[in-house]
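The values are calculated or read from the model by the stated rules, or taken from the named source; none is laboratory data. Please read these numbers as outputs of a predicted model, since none were measured by experiment. Virtual Cβ from ideal backbone geometry, glycine too; neighbours counted across all protein chains shown.
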Amino acid sequence: MTRWILGTVAATALLTGAAIAKTDVTIGLQLEPPHLDPTSAAAGAIDQVLYSNVFEGLMRFASDGSVINGLAEEWDISEDGKTYTFKLHGGVKFHDGTDLDSADVKFSLDRARAEDSVNAQKALFANIARVEAVDPLTVKVTLTAPQGNFLFNMAWGDAVIVAPESIDDIKIKPIGTGAFKFDDWKQGDSITLVKNASYWGDAAKLDKATFKFISEPTAAFGAMMAEDVDAFYSYPAPENLAQFEADPRFTVLAGNTEGETILAMNNKQAPFDNKLVREAVSHAIDRQAIIDGAMFGYGTPIGSHFAPHNPAYIDLTGNSDYDPEKAKALLAEAGMADGFKTTLKLPPPSYARRGGEIIAAQLRAVGIETEISNLEWAQWLEQAFRGKDFGLTIVSHTEPMDIGIYARPDYYFQYDNADLQKLMADFDVEADGAKRTEMLQQAQTIISEDYVNAYLFQLALTTVVNAKLQGIWADAPTQAIDLTAVSWSE
Amino acid sequence: MLRYAIKRVGSLAISLIVASLVIFACIEVIPGDPASFMLGINAQPDTVAALREELGLNASLGARYLSWVTGMLSGDFGTSYTYRSPVAEIIGDRLWISLPLALIALGLTVLIAFPVGILAATKRGSWADMSVMGATQLGIAIPNFWFAMLMVLLFAINLRWFSAGGFPGWENPLAALKALTLPAIALALPQASILARVMRSALLDTLSEDYIRTCRAKGLTQRQALWRHALRNAMIPVLTIIGLQFSFLLAGAIIIENVFYLPGLGRLVFQAISQRDLIMVESVVFLLVFAVIMVNFAVDLAYAWVDPRLRGRA
């Protein structure tokens, strides 16, 4: 018995010894990617695992959301702003050993914008008229009109460069150019990446990275506490965060996301076709109460559909400050002094389910009765999003820089304003930085003053990490868990 | 025995055909489109249409039912809408976790329930019987997911003997068995409590039968009478419950699989429903129905084996 105990102690000592020189990491994630092709689905989990790690685009997002060089070493924009000439890095190899050349870039862009393309963000490529492979390392992209956003668009996960020879199996065996190679996928359990020894850029510091899929919040807590996982990205049980903060083994990273969380109103359905009613709803809502009650204090109030960490952000929360008396007065002015009844359709995330209950109570206080229905995502997409059969709904819009959706009159909240549509069209072709900022600010102001939706808060990203793990992004400028700079401290 | 078996096979086939129709009809009427789900809220309508075409969602209901059923007959369950790999392969992988888990849990159930039930019945009214009755009452009352969380707290977080969950794969059988230990205990405990109580009352019934008294009268000891005559006669209700429990353990481990994040069938079907991976849901549900029907078939045969009178009565 004593020998057995001694043996165990020795083994434990060995294990602890090994932990110091650790070169692998296990990241917990709530959702599993449905498949591994970032260019043919919207699922954020695909990008979280593969973006920058396995697949790279011409451009890429840095941790602060700025757009930096990816596979393109340099680029040149023609005078008229319609032609982009990209010079690719030399000596870049795909993980199967084949060379990256301009033909791969042409293939990737043409595939994404093709007639039968199933790219979830096909709009990113809508402006491309022609892609030409000038020589093996030079690609010329001609646009139908100048587009200020073009480089930004090329940084998205949906615009990564893939090779024609590996495209057939990409959904189960992704072959990219990144610092990590895809190794194994135990479906339902985990995905493993290993270091790409012949990476063209700065080599990864980790030898191996495993993404483990744990959907249940209590299981996430157990896995983190038992140190089965080294980090849990977007930790799903905010009620435990205080406990992790107090534990010296862990660090809680609280960062920003691109998720504007809004109470969307159906602008074409009575009574929300009346601006006074929309204004009343906006004033009836106490954002801080929702952040505290539904999000355990994590989240930044917003007054328009724009991310507070973006340099072009202006604080417009004053347009819709919490004022139930004013809300009642506005309802009376709209001829609805007695209030009205509407539907509130809630998709599954907790911001919607928990936030929805609080919003319903706040609206009831000014006389608006809501009939809450909890929907699964597929039902929500069918009824609210495609069918536009809703009065109110709560959604977080997680795509970066998506204020352009307000210029789409057929989008689910059905806001139709010719001025804003013109502004966004001009914005698309404007290349001057200062003017672009000014236009973005105008757009924020228009939709805020039109009370298109009630803007609630910017969704926070809370990631619990082992205190010794360095380099995990706190913010999520795109849905990515970029591990290229992650390492263990001594 | 043969005629009995043939009749059972006939009713088995009819059950399966009806089940396939009901499953297909129920699942196809759920609102929600797999293509829109996959492409999210920024996708353009023409992209969704292109994906629907690619997935073959534009074919008629009848045609899809026929291709599903005929495919299954030849072992081809179709291709998952979301994972885009063959449904049969995915189910096969998951079955390698769910089936061993159910078997281990059932084994534990029987190992606990039989001795405990027999002990309680033979020592009726004693302190042993009382404590068995109390403990099993508790075992039935405690929700298994809560018990599972308590075990995680104790064995994974405090003592660090086990991982909090996950499955390392069968390449390392010992690690795999270890990963299934806590989930199997969590699943087995309430089932063992139920089975022990059934065992006890079934035994008590048979022990008070006239033939047991006759056995004793011709000179068998209490123990001999129990093992040779009472136990076998008490097996009919016990087998019925074991059959139901196995089906339940195979299909009903969804919650435990989530608590221990095991990639089993329960989690697969749960995910597939929310992603509207209809063909996957249909196939998994059909497989589970098939398993339940097969288990019942096996139980029917087992009845006939323990009780020869049933063979003639089919």
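Taken over the range A:250-281, the criterion of being within 28 Å of the chain's Cα centre (by Cα) and over 16 Å from A:THR343 (Cα atoms) is satisfied by A:PHE250, A:THR251, A:VAL252, A:LEU253, A:ALA254, A:GLY255, A:ASN256, A:THR257, A:GLU258, A:GLY259, A:GLU260, A:THR261. Restricting A:LEU461, A:LEU392, A:LEU456, A:LEU423 to those that are out of contact with any Lys or Arg (no Cβ under 9 Å at 6 or more places or on another chain) and farther than 30 Å from A:GLY201 by Cα reduces the list to A:LEU423.
For the range A:356-379, the set of residues classified as in a helix (DSSP H, G or I), within 14 Å of chain B (Cβ to nearest Cβ) and not aliphatic (A, V, I, L, M) consists of A:TRP377, A:GLN379, listed by residue number.
Screening B:ASP46 on (1) surrounded by fewer than 14 Cβ atoms within 10 Å (Cβ to Cβ); (2) not in a helix (DSSP H, G or I) shows it passes everything except condition (2).
The single condition from (1) free of Cβ contacts under 8 Å to residues at least 40 places away in the same chain; (2) closer than 18 Å to A:ALA307 by Cβ that A:PRO400 fails is (1). A single member of A:GLY176, A:GLY188, A:GLY157 is within 23 Å of the chain's Cα centre (by Cα), touching a residue at least 40 places away in the same chain (Cβ under 8 Å) and more than 26 Å from A:SER117 (Cβ to Cβ), and it is A:GLY188.
Quick one: would you say B:MET130 is in contact with a Ser or Thr (Cβ under 7 Å, 6 or more places away or on another chain), part of a helix (DSSP H, G or I) and farther than 24 Å from B:TRP96 by Cβ?
For B:MET130, the condition - in contact with a Ser or Thr (Cβ under 7 Å, 6 or more places away or on another chain), part of a helix (DSSP H, G or I) and farther than 24 Å from B:TRP96 by Cβ - is not met.
Inclusion of B:ILE255 among residues that are touching a residue at least 40 places away in the same chain (Cβ under 8 Å), within 14 Å of another protein chain (Cβ to nearest Cβ) and under 15 Å from the mean Cα position of the chain (by Cα) is warranted. For the range A:177-222, what are the residues that are buried (at least 22 other Cβ atoms within 10 Å of the Cβ), in a loop (DSSP other than H, G, I, E, B), more than 11 Å from chain B (Cβ to nearest Cβ) and of a type outside the set (S, T, N, Q)? Listed by number, the residues that qualify are A:GLY178, A:ALA179, A:ALA204, A:LEU206. Within the range B:50-66, take every residue that is away from chain A (no Cβ under 14 Å) and under 14 Å from B:MET280 (Cα atoms) and give me the one that is surrounded by the most Cβ atoms within 10 Å (Cβ to Cβ). Only one residue fits best here, namely B:ARG64.
Among the listed residues B:LEU174, B:LEU182, identify the single one that is assigned to a helix (DSSP H, G or I), within 14 Å of chain A (Cβ to nearest Cβ), within 30 Å of A:THR26 (Cα to Cα) and not small (Gly, Ala, Ser). Give the derivation first.
Working: B:LEU174 fails: within 14 Å of chain A (Cβ to nearest Cβ).
Step by step, each of B:LEU174, B:LEU182 is checked, and only B:LEU182 is assigned to a helix (DSSP H, G or I), within 14 Å of chain A (Cβ to nearest Cβ), within 30 Å of A:THR26 (Cα to Cα) and not small (Gly, Ala, Ser).
Go through the range A:380-396 and report how many residues are buried (at least 20 other Cβ atoms within 10 Å of the Cβ) and facing chain B (nearest Cβ under 8 Å). Residues meeting the conditions: 4.
Under the condition of being more than 14 Å from every other protein chain (Cβ to nearest Cβ) and either under 14 Å from A:ILE167 (Cβ atoms) or touching a Ser or Thr at 6+ places or on another chain (Cβ under 7 Å) (or both), which residue from the range A:107-130 is surrounded by the most Cβ atoms within 10 Å (Cβ to Cβ)?
Initially, the range A:107-130 is screened for residues more than 14 Å from every other protein chain (Cβ to nearest Cβ), giving A:107-110, A:128-130.
Then keep just the ones that are either under 14 Å from A:ILE167 (Cβ atoms) or touching a Ser or Thr at 6+ places or on another chain (Cβ under 7 Å) (or both); that gives A:107-110, A:129-130.
Working: A:PHE107: 18, A:SER108: 23, A:LEU109: 21, A:ASP110: 14, A:ALA129: 12, A:ARG130: 13.
Checking each candidate, the answer is A:SER108.
Quick grid of which residues meet (1) touching a strand residue (DSSP E or B) at 6+ places or on another chain (Cβ under 7 Å); (2) closer than 30 Å to B:GLU209 by Cα; (3) not small (Gly, Ala, Ser):
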| position | (1), (2), (3) |
| --- | --- |
| B:PRO100 | no, no, yes |
| B:ALA128 | no, yes, no |
| B:ALA141 | no, no, no |
| B:TRP146 | no, no, yes |
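Yes or no: A:ASP104 away from chain B (no Cβ under 14 Å), at pLDDT 90 or above and either touching a His at 6+ places or on another chain (Cβ under 6 Å) or surrounded by fewer than 21 Cβ atoms within 10 Å (Cβ to Cβ) (or both)? No: the conditions fail for A:ASP104. A Cβ distance below 7 Å, combined with a sequence gap of six or more or placement on separate chains, defines the contacts here; from the range A:57-75, residues that are surrounded by fewer than 21 Cβ atoms within 10 Å (Cβ to Cβ) reach residues that are among the aromatic types (Phe, Trp, Tyr) and assigned to a strand (DSSP E or B) in the pairs A:VAL67/A:PHE61; A:TRP75/A:TYR84; A:TRP75/A:PHE86.
Looking for something part of a helix (DSSP H, G or I), surrounded by fewer than 18 Cβ atoms within 10 Å (Cβ to Cβ) and away from chain B (no Cβ under 14 Å) - is there at least one such residue anywhere in the range A:165-172? Yes: one or more hits. All conditions but one from (1) in a helix (DSSP H, G or I); (2) under 23 Å from the mean Cα position of the chain (by Cα); (3) touching a residue at least 24 places away in the same chain (Cβ under 8 Å) apply to A:THR445; the one that does not is (2).
Considering only the range A:29-82, state which residues are on the phi > 0 side of the Ramachandran plot and under 14 Å from the mean Cα position of the chain (by Cα). Within the range A:29-82, just A:GLY65 meets the criteria. Identify, please: which residue in the range B:271-306 is among the acidic types (Asp, Glu) and part of a helix (DSSP H, G or I) and is, among those, nearest to B:ALA19 (Cα to Cα)? Checking each candidate, the answer is B:GLU282. Scan the range B:233-255 for residues that are within 16 Å of B:LEU95 (Cβ to Cβ) and modelled with pLDDT under 85 and jot them down. Within the range B:233-255, B:SER247, B:LEU250, B:ALA251, B:GLY252, B:ALA253, B:ILE254 meet the criteria.
Restricting attention to the range B:67-110 and to residues that are more than 27 Å from A:ILE170 (Cβ to Cβ), more than 15 Å from the chain's Cα centre (by Cα) and in contact (Cβ under 8 Å) with a residue 40 or more places away in the chain, the residue that is farthest from the other protein chains (Cβ to nearest Cβ) turns out to be B:VAL69.
For B:ASP76, the criteria (1) at pLDDT 85 or above; (2) over 30 Å from A:ASP158 (Cα atoms); (3) assigned to a helix (DSSP H, G or I) hold in every case but one, which is (3).
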